[in-house]
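Structure, as structure tokens:
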Amino acid sequence: MKNGGRRWQLVVPAGGDALRQERLTRDLHFALGNADGLAVGFVDGDESVEAGHKGAGVGDVALWAAAVAASRPISQILITLITEWCGKERHRKVELTYEENSVTITGRPDAAQERMVRDFLDKVSGDVNGSAGGDAS
């Protein structure tokens, strides 16, 4: 698909508390749904985000996100929005996956996590910009 048609998977782990996970996932869905250039939806329990990849586990609630039209690469948009969302509460956490790459973003990132996020962005930037029709300007 053009313009980032590949889907990103987002899981909000809640330590086995299914109701809390659903509430937080719906809140994240709302926050991302208000962003220009993003399409966001819920992953069906049996649906894989991409061919060859597992979907959310049984009982897990997960989101997918894809760019529809963005002035910045979707990776930057998602990281920024998820970081802001997680920052509202220190115990929030989001597992973001694209292709074989994943990173966990928390409400209180330390230097090591910030480094992992930068490494993640470096890995996915070439994939998104090169093959998925992201921002190539």
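The values are calculated or read from the model by the stated rules, or taken from the named source; none is laboratory data. All values derive from a computational prediction rather than experimental measurement. When we count neighbours, we look across all protein chains shown, and the Cβ atoms used for this are built from the backbone with ideal geometry, even at glycine. All accessible areas refer to the heavy atoms of the entire protein, side chains included, with ligands and DNA or RNA removed. Shrake-Rupley method; radii C 1.70, N 1.55, O 1.52, S 1.80 Å.
Considering region 5-21, the residues that are surrounded by 16 or more Cβ atoms within 10 Å (Cβ to Cβ) and over 13 Å from the mean Cα position of the chain (by Cα) include one that is modelled with the lowest pLDDT, namely A14. Of the residues making up region 4-24, just one is part of a helix (DSSP H, G or I) and small (G, A, S), namely A18. Out of curiosity, is L81 of a type outside the set (K, R), modelled with pLDDT of 85 or more and surrounded by 14 or more Cβ atoms within 10 Å (Cβ to Cβ)? Taking the combined requirement at face value, the residue satisfies it. Identify, please: which residue in region 69-78 is within 12 Å of the chain's Cα centre (by Cα) and buried (at least 20 other Cβ atoms within 10 Å of the Cβ) and is, among those, modelled with the highest pLDDT? Within region 69-78, the match that is modelled with the highest pLDDT is L78. Scanning region 78-130 for residues that are closer than 20 Å to A62 by Cβ, in a loop (DSSP other than H, G, I, E, B) and of a type in the set (G, A, S) yields a count of 1. Among all positions in region 104-120, there is no residue which is at pLDDT below 90 and within 13 Å of the chain's Cα centre (by Cα). If you check K88, K93 for being touching a strand residue (DSSP E or B) at 6+ places or on another chain (Cβ under 6 Å), open to solvent by 70 Å² or more (accessible area, probe 1.4 Å) and within 22 Å of F30 (Cβ to Cβ), only one passes: K93.
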